[in-house]
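The values are calculated or read from the model by the stated rules, or taken from the named source; none is laboratory data. Quick caveat: nothing in here was measured; it's all calculated off a predicted structure. All Cβ positions, even for glycine, are placed from backbone atoms using ideal geometry, and neighbour counts span all protein chains on display.
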Ligand SMILES: Cc1cc2nc3c(=O)[nH]c(=O)nc-3n(C[C@H](O)[C@H](O)[C@H](O)COP(=O)(O)OP(=O)(O)OC[C@H]3O[C@@H](n4cnc5c(N)ncnc54)[C@H](O)[C@@H]3O)c2cc1C
């Protein structure tokens, strides 16, 4: 079997790797360099964690996601991951942390509730302002995202049966005939085509525009005093929701930066437009950092980065067969990277005939075993 993959982010690369493992010949087309620095997968880190609010279906997949990454580490000969543990905080009417703990208890991954009065002793880096409940689980950590996609691209370039085409934008996709046409006018045929074009997908397949929405998100990297940096380099990751804010903090593991972002979707923006951000648009997030993080007055914004989510209304992944020989692969809504290896492996299995496409779409949407 021959497959064409459009897009060289984590989804396209992992699917190419997994299809090659199934014995497929694969050609991957990427519009920019491989990896693309403006792709959603290209950032110092992405988090993987069990807490998933009410989405028990995704929480159940986390163990499988970790197992899939193990296969990637074997393939790459290196482990691009650092464990941090996961601390989830909530307050002011927000209940995500408690709901995560409830659904994890039901599937055998209990979180420990920490009394707010004990937080400063357990986590001296934090203030307790606005925090009403705190839950801890020792699992979870940081995937070194841009190192992973870079290493996968290098590895795949040397694999027999795999052909990578960087700087080869695809103009048209025929999902019935598994045919693509590049901007340069070259047509390529296969038995199956997988479109993993990230936030650019509505440009390539306009019929998906209402369903898969690019969402401009800004994150801040901080320069912090050496003592703070050393303390944060031991973790944990923070997932915090107190009312309107939804802050996450990625600790500076193994020499990477310390990053803070707000998970709330902007649902605006064009991934192909110029990407500049100002501290002004980060004001609510920076204010929350000030009230939550010890010593924040000494921290400086080192850089702001604009990145794109591709969001669906219910935050579930879209991995669906379309046409006679096509797959749309959009596991994102801001939480897809952790599942990248798993999504690739499972899609390759389904393409090889091991699962019904409709069952695959339900599985990827996190609907199996959801509450
Ligand atoms: C700020 C931020 C924080 C995040 N944090 C987390 C996290 O902590 N944990 C987590 O699990 N997930 C997280 N995510 C989400 C995760 O990064 C994405 O879900 C994932 O990277 C999506 O991968 P992708 O391969 O679908 O998209 P991309 O990485 O964007 O790849 C798509 C590729 O397709 C290419 N392409 C597009 N159109 C064409 C075309 N016409 N021809 C050829 N190539 C084309 C693009 O150039 C691009 O390289 C975060 C995302 C952002 C932006």
Unmet criterion (only one of (1) in a strand (DSSP E or B); (2) within 11 Å of the ligand (Cβ to nearest atom); (3) touching a helix residue (DSSP H, G or I) at 6+ places or on another chain (Cβ under 9 Å)) for residue 180: (3)
Every listed condition ((1) part of a loop (DSSP other than H, G, I, E, B); (2) touching a helix residue (DSSP H, G or I) at 6+ places or on another chain (Cβ under 9 Å); (3) surrounded by fewer than 21 Cβ atoms within 10 Å (Cβ to Cβ)) holds for residue 20 save (1)
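Residues to consider are 231, 325; find the one that is at pLDDT 95 or above and either in the same structural domain as residue 32 (by TED's automatic domain parsing) or touching a helix residue (DSSP H, G or I) at 6+ places or on another chain (Cβ under 7 Å) (or both).
325
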Take the range 357-371 and flag every residue that is over 17 Å from residue 318 (Cβ atoms) and either loosely packed, with under 13 Cβ neighbours inside 10 Å or modelled with pLDDT of 95 or more (or both). 371
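Please indicate, with yes or no, whether at least one residue in the range 165-176 is more than 10 Å from the ligand (Cβ to nearest atom), at pLDDT 95 or above and closer than 20 Å to residue 31 by Cβ. Walk me through how you get there before you give the answer.
Taking the range 165-176 as the starting set, the residues that turn out to be more than 10 Å from the ligand (Cβ to nearest atom) are 174-176.
Filter once more, so that each one left must be at pLDDT 95 or above: 174-176.
Okay, now just the ones that are also closer than 20 Å to residue 31 by Cβ, so 174-175.
Checked the range 165-176: at least one residue is more than 10 Å from the ligand (Cβ to nearest atom), at pLDDT 95 or above and closer than 20 Å to residue 31 by Cβ.
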Name the residues in the range 191-208 that are within 15 Å of residue 272 (Cα to Cα) and either within 9 Å of the ligand (Cβ to nearest atom) or not assigned by TED's automatic domain parsing to the domain that holds residue 34 (or both), would you? 197, 198, 199, 200, 201, 203, 204
If I ask for residues that are closer than 30 Å to residue 295 by Cβ and crowded, with 16+ Cβ neighbours inside 10 Å, which ones from the range 96-120 would you list? 96, 97, 98, 100, 101, 111, 114, 119
Using the structure shown, decide if residue 45 is free of Cβ contacts under 8 Å to residues at least 40 places away in the same chain and either in contact with a helix residue (DSSP H, G or I) (Cβ under 9 Å, 6 or more places away or on another chain) or in the same structural domain as residue 256 (by TED's automatic domain parsing) (or both). no
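Filter the range 221-233 for residues that are touching a residue at least 24 places away in the same chain (Cβ under 8 Å) and farther than 15 Å from residue 297 by Cα; which is surrounded by the most Cβ atoms within 10 Å (Cβ to Cβ)? Full working, then the answer.
At the first step, the residues of the range 221-233 found to be touching a residue at least 24 places away in the same chain (Cβ under 8 Å) are 221-225, 228-229, 231-232.
Remaining after also requiring farther than 15 Å from residue 297 by Cα: 231-232.
Values: 231: 16, 232: 21.
For the range 221-233, the residue satisfying everything is 232.
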Can you pull out the residues in the range 310-350 that are within 15 Å of the ligand (Cβ to nearest atom) and assigned to a strand (DSSP E or B)? 310, 311, 318, 319, 320, 326, 327, 328, 329, 330
From the options 53, 108, 93, 98, residue that is outside the structural domain of residue 348 (by TED's automatic domain parsing), free of Cβ contacts under 8 Å to residues at least 40 places away in the same chain and on the phi > 0 side of the Ramachandran plot: 108
